[in-house]
1. Is it the case, given these coordinates, that residue 176 is touching a Ser or Thr at 6+ places or on another chain (Cβ under 6 Å) and surrounded by 11 or more Cβ atoms within 10 Å (Cβ to Cβ)?
2. Can residue 106 be described as among the acidic types (Asp, Glu), over 30 Å from residue 34 (Cα atoms) and open to solvent by 70 Å² or more (accessible area, probe 1.4 Å)?
3. Could you give me the residue pairs with C-beta distances under 9 Å whose first residue belongs to the range 182-195 and is more than 16 Å from residue 208 (Cβ to Cβ) and open to solvent by 60 Å² or more (accessible area, probe 1.4 Å), whose second residue is assigned to a helix (DSSP H, G or I) and not basic (Lys, Arg) wherever it lies, and which are 6+ apart or on separate chains?
4. When you check residue 123 against the structure, is it open to solvent by 90 Å² or more (accessible area, probe 1.4 Å) and more than 30 Å from residue 9 (Cβ to Cβ), yes or no?
5. From the residues in the range 205-215 that are open to solvent by 90 Å² or more (accessible area, probe 1.4 Å) and of a type outside the set (Lys, Arg), which one is nearest to residue 188 (Cα to Cα)?
6. Would you mind stating whether residue 151 is surrounded by 15 or more Cβ atoms within 10 Å (Cβ to Cβ) and closer than 21 Å to residue 96 by Cα?
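The values are calculated or read from the model by the stated rules, or taken from the named source; none is laboratory data. What you are looking at is a predicted structure, and each value in this text was computed from that prediction instead of being measured. Ideal geometry is used to build each Cβ from the backbone, glycine not excepted, and the neighbour counts take in all protein chains shown. Areas reflect the complete protein model, heavy atoms only, side chains present, ligands, DNA and RNA absent. Shrake-Rupley method; radii C 1.70, N 1.55, O 1.52, S 1.80 Å.
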Amino acid sequence: MNVRTARRYARAATAEALIGPNSSSRPSVLAPFHPYLRQRLTDGVHQTADLHAEILARGYQGSLRVLRDWLAINRTRPTPATVRVPSARRITGWIMRPGHKLTDDDRADLADARSRCPDLDTVADLARGFAALVRHQGTGHHLDTWIDRARHCGYPELRGFAAGLVSDRDAVVAGLTQPWSSGPVEGQVNRIKTIKRQMYGRANLDLLRKRVLAAA
């Protein structure tokens, strides 16, 4: 299409406005169908082929091009609503963070994401349930209930995680129930590794042993 023709279409308020002063004043063959077409556009029917078939059944004898030109001016499609999708890392943070550490906006965004995705809602419920077991001491008696829910969900990753817990159940229950923690041992291991890195290439094992025992 010529750029001047496109400009004339863009500036025209209605299809009738496209008729120039030197053109014939004879009404368009489509004019009797304008009210019907406007009603159908209001009803949400925007497909040119569908509208053409409907007015043909009502006696329209014009060409498809006339209808297409009229629709180009009068048809306004609704703008689809845009939805801001949070990143996977942000959603994971919302799920794993304790509820009292979430802001009101975070809670609202998480609730909106869970309402839009049933799979996310199920996974979030299971993830928060397991996080609660880990955070609160003496919750080992709830482990079997959580494992049963996870093993019957539709997600292979959670089923595999639950199967791993079953294979080492006694140790997991002890970790959730007993007041003892391996934290001090892990801290000592980390301290010794730090000293080893500091000593690398500088002296022999005798000095390394003295540094480890002196700090202890």
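1. Yes; evaluated as a whole, the condition is true for this residue.
2. no
3. 182/175
4. Taking the combined requirement at face value, the residue does not satisfy it.
5. 213
6. Criteria met by residue 151.
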